[in-house]
Amino acid sequence: MKHIRHYINEAFISMNTPTTALRLVTTKGMSREEWLKVRQGGIGSSDAAAAMGISPYKSQLELWLEKTGRVTQPDLSEKEAIYFGSMLEPLIANEYAKRSGNKVRRVNAVLQHPQHAFMLANLDREIIGGADGPGVLEVKTAGHHSAKFWDEGVPYWYESQVMHQLAVTNRQWADVAVLLAGQEYRCYRIKRDDELVQEIIRLE
């Protein structure tokens, strides 16, 4: 699999070093409609690949139409892959903590970049007990047919998602815990790349 840099060819730009993320709004007790309204006001980490034009699932135009309210964002919550992914998230997060020895916790908030207000992030978990300092945990599930995309590491569209999260939180690393085909657990480490973070900000 080609590295994410292959899909991003523009020149890098300079930026000021960000501080800690802002807690834009708490998600406790928030309805899906309220959450979608907040999410529409910026670019979330799951939007990152589409915003940069490297998503295999959504174009920049489709994302723009959704964010500007010209089309309604499709409700994917009833799709079985999304449903079971949500159900398995706590189990996989717990397994990550067990295998890694790192402590994790929910954030329960939409986070916002302190300098670039359009950049938002919802974390699956934050890692608070890592030997390398605080990090980010991203939890994924992949079915039998999509498991092949993980053979050489984190797929580039998910790598951009995680790098977006590191940009918003100013964390230096993230672990991606994935359950493949319902029975194979893997974990991949992604380290912050400041040049790539700057380019993601520019493209978004």
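The values are calculated or read from the model by the stated rules, or taken from the named source; none is laboratory data. Please read all numbers here as calculations on a predicted model, not as lab measurements. Reconstructed Cβ throughout: ideal geometry from the backbone, glycine too, with neighbour counts over all protein chains shown. Note: accessible area is taken over every heavy atom of the protein model, side chains too, but ligands, DNA and RNA are not part of it. Shrake-Rupley method; radii C 1.70, N 1.55, O 1.52, S 1.80 Å.
A few comments on the model shown:
- Other residues with beta-carbon under 12 Å from the beta-carbon of GLY143 carry, at +1 per Lys or Arg and -1 per Asp or Glu, a net charge of +1.
- Report summary: the helix-based calculation at 222 nm, which adds -39500 (n - 2.57) for every DSSP H run with n ≥ 4 and divides by the residues of the chain, gives -10000 deg cm²/dmol.
- Approximating the spin labels as points 7 Å out from Cα along Cα→Cβ, the LYS79-to-LYS148 distance works out to 1.9 nm.
- Cα-based reach from LYS140 at 21 Å (exclusive), listing lysines while leaving out same-chain residues under 8 positions away: LYS2, LYS58, LYS79, LYS98, LYS103, LYS148, LYS191
- Residue-normalised accessible area of region 19-78, expressed per residue, 1.4 Å probe, Å²: 65 Å²
- Under the combined filter of DSSP loop state and at most 12 neighbouring Cβ atoms within 10 Å, region 13-105 retains these chymotrypsin sites (Phe, Trp or Tyr not before Pro): TYR57.
- Inter-centroid distance (Cα atoms) of region 61-136 relative to region 141-200, Å: 12 Å
- Rolling a 1.4 Å probe over the protein heavy atoms leaves MET52 with an accessible area of roughly 20 Å².
- The overall shape of region 8-138, judged from the alpha-carbon gyration tensor, is oblate: a/c is not under 1.5, and a/b is no greater than b/c.
- Rounded to the nearest 20 debye, the dipole magnitude of the chain is 420 debye, with +1 charges on Lys and Arg beta carbons, -1 on Asp and Glu beta carbons, and the Cα centre as origin.
- For the chain, the antiparallel share of DSSP beta bridges with both residues in that region comes to about 70%.
- Summed side-chain charge close to VAL25 - residues other than VAL25 whose Cβ falls under 13 Å, Lys, Arg +1, Asp, Glu -1: +3
- Charge dipole magnitude, Cβ of K and R +1, D and E -1 - region 109-158, Cα centre, debye nearest 20: 140 debye
- Within the accessible area of the chain, the carbon and sulfur atoms contribute 50%, probe 1.4 Å, all protein chains present.
- Considering only GLY69, PRO114, SER160, the residue lying farthest towards the positive end of the dipole of the chain is PRO114, judged by Cα position with unit charges set on Cβ.
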